[in-house]
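> This is the structure I have questions about; it appears just below.
The values are calculated or read from the model by the stated rules, or taken from the named source; none is laboratory data. Quantities reported herein were computed from a predicted structural model and do not represent experimental measurements. We place every Cβ from the backbone using ideal geometry, glycine too, and count neighbours over all the protein chains shown.
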Amino acid sequence: MPQSLKSLLLPLLFLLLALPSAVAQPMTPAAATETAAVPATAAATTVAAPIGAATAPTVSAAPFNVEAATQAYLNTLTPAQKAKSDAYFEGGYWLQVFELLYTLGVAAVFLRLGLGRWLQARTQRLPRPGLRTLAFAAGYLLLAWALSLPLDIYEGYVREHAYGMSNQTFGEWFGENLTSLGLSVVFGSLVILAFYAAVRRAGRSWWAWGTGLAAVFLVVGIFAGPVLISPLFNKSTPLPAGPIRAAILSMARANGVPADNVYLVDASRQTKRISANVSGIGSTIRVSLNDNLLNRCTPQEVQAVMGHELGHYVLNHIQKLLVFFSLIIGLSLWLVDWAFRRLTVRYGAAWGITDLGDVAGLPLALALFSVFMFLATPVRNTIIRTNEQEADMFGLNAARQPDAFASTAMKLSEYRKIDPSPLEEAIFYDHPSGHTRVLSAMRWKAEHLNGQ
Ligand SMILES: [Zn+2]
């Protein structure tokens with residue numbers, strides 16, 4: 001789905017970030033708590049044949065030096081690989097700014113160039129207010145999708161191919177984009193209808209009711225993600241039998257995760273990225289690893305990643321993110337209310353908007369929402385990154401594979417800049433950087449295995 005729409009509606013729209021396209025854009029709220037890495041076989045669990053330890057890059061002998069061991073891992077990246085990865089990730093910073101500007105441009109087409117009035121004239125003849133709102137919302141989502149398509153093609157297809165991340169033809173990519181559009185129009189229109197019902201019934205306190213609605217939609221979306229939405233894009237199968245499955249299930253049992261909740265996803269249909277995640281909630285919660293991970297990583301590395309994912313599961317990260325994101329959405333809605341009233345006093349007549357209950361103001365309300373969500377980016381990233389760091393530590397303890405964890409962190413540098421400044425990491429990173437992860441792993445290795 002279009003990135004601009006994503007940043008606008010995704011938190012509300014059934015967490016489409018859990019979709020395959022999102023494998024590429026892990027800024028998702030609760031839907032998918034993405035990759036990191038740490039294996040599991042806890043020493044106490046003896047059911048599975050243990051997978052041996054991974055080997056580290058050669059460092060000089062003598063006492064184990066955490067900094068030197070970390071640097072030895074970072075040095076495994078060639079200058080060319082590092083330059084490419086830095087360029088890809090830093091380009092993402094500018095894309096976020098450009099997406100926001102693009103979203104504001106789309107809003108201007110509706111408000112200043114009259115596309116909103118045109119759409120309203122066509123939907124006003126419907127008999128009931130609810131139908132008029134629904135039709136306007138669906139029309140808006142379709143038109144905004146079309147207007148955002150150039151940016152979406154660049155970001156989702158052209159750029160991914162330029163950096164060698166994508167496995168899709170344009171037809172495949174576009175077909176999935178249309179599926180996302182269908183979901184967005186059907187469910188997004190209903191979500192918007194519910195919000196306008198709250199505005200009309202609750203008046204000034206609509207944003208509080210809206211926050212409750214958002215929380216409910218998030219729960220429903222997260223619940224439906226793995227069973228109704230993901231299957232539209234990918235196939236999930238139980239992990240094939242073998243030593244890797246045995247080690248993962250053993251680690252799962254040792255940490256109280258039901259063993260039938262571990263799945264393999266055919267993400268190589270879309271991307272070359274290695275990834276894994278926890279998705280769903282309640283009876284649909286599951287840990288998934290993608291086939292790239294299984295094909296491109298050693299058994300120790302797979303174990304390291306799955307230890308991390310089990311950490312998300314055991315530490316209830318999805319539930320916690322749900323609470324945090326509901327609060328962020330609530331604050332954003334309150335700010336939308338505040339800004340919308342001020343802007344319509346001044347520009348309402350020119351933009352053809354009377355008040356917040358008037359669906360013609362939808363493009364403005366969504367543009368304001370995306371501005372506040374954009375401003376909250378460092379907060380959102382820090383909340384997610386903190387969870388990711390917790391899962392990293394859980395995974396190190398569960399899998400006891402610090403070298404495999406470190407080498408996987410290096411592999412993730414394909415799409416995540418390996419060694420940012422601390423401020424850069426705090427603002428832009430929704431996962432710990434490769435440097436942070438390798439350092440954590442080497443420190444763990446020094447303290448638990450005496451560096452052996
Ligand atoms: Zn994670």
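> Identify all residues within the stretch 68-86 that are of a type outside the set (Ser, Thr, Tyr) and without any contact (Cβ under 8 Å) to a residue 60 or more places away in the chain; write none if there are none.
Answer for the stretch 68-86, where residues must be of a type outside the set (Ser, Thr, Tyr) and without any contact (Cβ under 8 Å) to a residue 60 or more places away in the chain: 68, 71, 72, 75, 79, 80, 83.
> Hey, does the stretch 389-406 have a residue that's assigned to a helix (DSSP H, G or I), at pLDDT below 95, within 13 Å of the ligand (Cβ to nearest atom) and within 17 Å of residue 73 (Cβ to Cβ)?
Checked the stretch 389-406: no residue is assigned to a helix (DSSP H, G or I), at pLDDT below 95, within 13 Å of the ligand (Cβ to nearest atom) and within 17 Å of residue 73 (Cβ to Cβ).
> Identify, please: which residue in the stretch 240-280 is assigned to a loop (DSSP other than H, G, I, E, B) and away from the ligand (no atom under 16 Å from the Cβ) and is, among those, nearest to residue 394 (Cα to Cα)?
Residue satisfying both the conditions and the ranking: 256.
> Is there a residue in the stretch 270-279 that is surrounded by fewer than 19 Cβ atoms within 10 Å (Cβ to Cβ) and either of a type in the set (A, V, I, L, M) or closer than 28 Å to residue 166 by Cβ (or both)?
Among the residues of the stretch 270-279, at least one is surrounded by fewer than 19 Cβ atoms within 10 Å (Cβ to Cβ) and either of a type in the set (A, V, I, L, M) or closer than 28 Å to residue 166 by Cβ (or both), which makes the answer yes.
> Another one. Given the residues 315, 362, which is the only one that is within 13 Å of the ligand (Cβ to nearest atom), aliphatic (A, V, I, L, M) and modelled with pLDDT of 95 or more?
Being within 13 Å of the ligand (Cβ to nearest atom), aliphatic (A, V, I, L, M) and modelled with pLDDT of 95 or more holds for just one of 315, 362, which is 315.
> Looking for something crowded, with 21+ Cβ neighbours inside 10 Å and farther than 30 Å from residue 81 by Cβ - is there at least one such residue anywhere in the stretch 155-177?
No, there is no match, as no residue in the stretch 155-177 is crowded, with 21+ Cβ neighbours inside 10 Å and farther than 30 Å from residue 81 by Cβ.
> Now a separate question. Of all residues in the stretch 58-81, count the ones that are under 28 Å from the mean Cα position of the chain (by Cα) and assigned to a helix (DSSP H, G or I).
Qualifying residue count, the stretch 58-81: 5.
> Also, I was wondering about something else. Would you be able to say whether some residue in the stretch 347-356 is crowded, with 20+ Cβ neighbours inside 10 Å and either assigned to a helix (DSSP H, G or I) or under 17 Å from the mean Cα position of the chain (by Cα) (or both)?
Yes, that holds for at least one residue.
> For residue 300, state whether it is out of contact with any Gly (no Cβ under 8 Å at 6 or more places or on another chain) and either at negative phi or part of a helix (DSSP H, G or I) (or both).
Working: out of contact with any Gly (no Cβ under 8 Å at 6 or more places or on another chain): no; either at negative phi or part of a helix (DSSP H, G or I) (or both): yes.
Judged against the criteria, residue 300 is not a match.
> Do we have residue 116 as at pLDDT 90 or above, more than 16 Å from the ligand (Cβ to nearest atom) and surrounded by fewer than 20 Cβ atoms within 10 Å (Cβ to Cβ) here? Please lay out each step first, then the result.
Numbers: at pLDDT 90 or above: yes; more than 16 Å from the ligand (Cβ to nearest atom): yes; surrounded by fewer than 20 Cβ atoms within 10 Å (Cβ to Cβ): no.
No: the conditions fail for residue 116.
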